[in-house]
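Encoded as structure tokens, the structure appears first; notes follow it.
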Amino acid sequence: MNIKFRQLGESDIQITPLGLGCWQFSDRIGFAGKFWPSLENVPSDEIIKSSWEGGINWFDTAEMYGWGASEKCVSRGLQKINASVENVIIATKWHPIARRAKRMFRSIEEQIQRLSPYKITLYQIHSPTSLSSIKKEMEVMAELLKSGVIRCAGVSNYSANQMRKAHTYLEKLGFPLVSNQVHYSLLNRRIERNGILKTAQELGITIIAYSPLEQGLLTGKFHDNPNLIKTRVGWRKYFPLYRPSGLERTKPVIDTLKKIAEKCNATSSQVALNWTINFHGDRVVAIPGATHTEQAIQNLGTFNFRLSESDMNEIDKVSRGFI
Ligand SMILES: NC(=O)c1ccc[n+]([C@@H]2O[C@H](COP(=O)([O-])OP(=O)(O)OC[C@H]3O[C@@H](n4cnc5c(N)ncnc54)[C@H](OP(=O)(O)O)[C@@H]3O)[C@@H](O)[C@H]2O)c1
């Protein structure tokens with residue numbers, strides 16, 4: 001498989017258009033952990049192995065994913081397959097809620113330990129919710145960058161305005177803000193309307209699309225078998241799009257994905273991911289998560305084909321305006 005790398009923001013880091021989302025490795029620890037099954041039931045080593053061997057060069061995790069469980073898991077999985085420290089790109093996040101920016105210094109020490117021997121390439125502030133100003137947050141990021149503890153700085157869930165502010169402060173300190181990780185999928189295209197995508201494109205910031213499969217909804221499996229929803233741990237079953245009315249409303253998108261998938265000899269999830277990472281050009285990348293090895297392998301098949309312009313436009317038209 002020949003995967004074309006993309007530049008991460010205005011940095012010299014090259015990433016594959018898909019990374020592996022590693023929230024699924026939270027082992028049911030903490031609030032965020034309760035969304036997915038325990039590690040006994042998620043073959044994390046296999047998922048990491050298939051992703052790495054399939055060409056994926058980066059892994060997205062966070063301090064709050066099982067309070068370190070996911071970070072440890074990523075390191076263990078990569079060590080088991082002897083993935084080279086020089087080539088692996090780790091993106092992780094600092095948990096800002098009820099904390100001041102200076103707390104990043106202590107968190108990152110712990111995160112470095114958990115991820116060792118792999119280094120943190122991209123450090124992201126998980127949400128714009130710390131007790132400190134964006135200016136203070138960027139001052140700490142600049143210190144981490146200067147000392148070489150991290151290679152790039154990013155944010156997550158920042159609005160267009162907050163992202164611009166972060167970019168401006170960091171630029172004054174001599175560094176680019178390389179990414180904003182936000183919810184973006186065919187069923188959640190809010191960033192196209194609220195200025196986030198436009199501002200990111202203007203500033204050369206990469207958009208990292210999280211929940212790009214809308215937590216599995218875009219695979220079509222829950223439309224094919226709505227009873228499957230009840231078998232899932234976590235809160236998906238309570239989300240509006242997962243209710244019978246949500247399934248009904250989103251059916252035209254799923255039907256279109258299925259039709260195009262058949263033509264392309266692909267799956268609905270591959271078509272959805274393909275659209276997400278190509279419709280707006282090279283500055284949008286995505287990080288699908290997986291609870292089964294087959295899912296991670298299937299998602300890699302996204303790189304096997306290219307959607308035609310008319311297919312892209314048809315998907316665009318049918319999926320506009322859900323959220
Ligand atoms: N920054 C943030 O605030 C934030 C928030 C959310 C997520 N994230 C990041 O984004 C990543 C991905 O987001 P996400 O996990 O919310 O949603 P997602 O990637 O849209 O969905 C992942 C889930 O969809 C199902 N799935 C994936 N591939 C499949 C396939 N080929 N066939 C069938 N089912 C498949 C699996 O769930 P089941 O097997 O359980 O059905 C999997 O756990 C996370 O791991 C995390 O790194 C970040």
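All of the numbers you see were taken from the coordinates with simple rules; none came from a lab. Predicted, not measured: the structure shown is a model, and the values here were computed from it. Using ideal geometry, Cβ is built from the backbone for each residue, glycine included, and neighbour counts are taken over all protein chains shown.
Using the structure shown, decide if PRO244 is within 25 Å of VAL271 (Cβ to Cβ), in contact with a Pro (Cβ under 9 Å, 6 or more places away or on another chain) and without any contact (Cβ under 8 Å) to a residue 24 or more places away in the chain. For PRO244, the condition - within 25 Å of VAL271 (Cβ to Cβ), in contact with a Pro (Cβ under 9 Å, 6 or more places away or on another chain) and without any contact (Cβ under 8 Å) to a residue 24 or more places away in the chain - is met.
Residues of segment 201-217 that are within 15 Å of the ligand (Cβ to nearest atom) and in a helix (DSSP H, G or I): GLU214, GLN215, GLY216, LEU217. Among the residues of segment 273-313, those identified as loosely packed, with under 15 Cβ neighbours inside 10 Å, assigned to a helix (DSSP H, G or I) and away from the ligand (no atom under 14 Å from the Cβ) are GLU309, SER310, ASN313.
Taking the criterion of being β-branched (Val, Ile, Thr), surrounded by 19 or more Cβ atoms within 10 Å (Cβ to Cβ) and closer than 18 Å to ARG76 by Cβ, the residues of segment 2-57 that qualify are VAL42, ILE47, ILE48, ILE56. Filter segment 123-173 down to the residues that are farther than 21 Å from ARG193 by Cβ and part of a strand (DSSP E or B), then identify the one that is nearest to the ligand (Cβ to nearest atom). Checked segment 123-173; the qualifying residue nearest to the ligand (Cβ to nearest atom) is GLN124. Taking GLU262, is it free of Cβ contacts under 8 Å to residues at least 12 places away in the same chain and either within 11 Å of the ligand (Cβ to nearest atom) or among the acidic types (Asp, Glu) (or both)? Yes: the conditions hold for GLU262. Scoring VAL178 on the criteria (1) more than 8 Å from the ligand (Cβ to nearest atom); (2) surrounded by 19 or more Cβ atoms within 10 Å (Cβ to Cβ); (3) part of a helix (DSSP H, G or I) leaves a single failure, condition (3). Selection of segment 218-229 for residues being of a type outside the set (A, V, I, L, M), within 12 Å of the ligand (Cβ to nearest atom) and free of Cβ contacts under 8 Å to residues at least 12 places away in the same chain yields LYS221, ASP224, ASN225.
Conditions (1) surrounded by fewer than 17 Cβ atoms within 10 Å (Cβ to Cβ); (2) touching a strand residue (DSSP E or B) at 6+ places or on another chain (Cβ under 8 Å), marked per residue:
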{"residue": "PHE105", "(1), (2)": "yes, no"}
{"residue": "ARG114", "(1), (2)": "no, no"}
{"residue": "HIS126", "(1), (2)": "no, yes"}
{"residue": "LEU144", "(1), (2)": "no, yes"}
{"residue": "ALA153", "(1), (2)": "no, yes"}
{"residue": "SER156", "(1), (2)": "no, yes"}
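For segment 31-51, the set of residues classified as under 16 Å from the mean Cα position of the chain (by Cα) and more than 16 Å from ARG236 (Cβ to Cβ) consists of ILE47, ILE48, SER51, listed by residue number.
Just one residue in the set ARG190, ARG164, ARG236 is surrounded by fewer than 23 Cβ atoms within 10 Å (Cβ to Cβ), of a type in the set (Lys, Arg) and either closer than 19 Å to ILE134 by Cβ or in contact with a Pro (Cβ under 7 Å, 6 or more places away or on another chain) (or both); that residue is ARG164. Selection of segment 262-272 for residues being assigned to a helix (DSSP H, G or I) and of a type in the set (Ser, Thr, Tyr) yields SER268, SER269.
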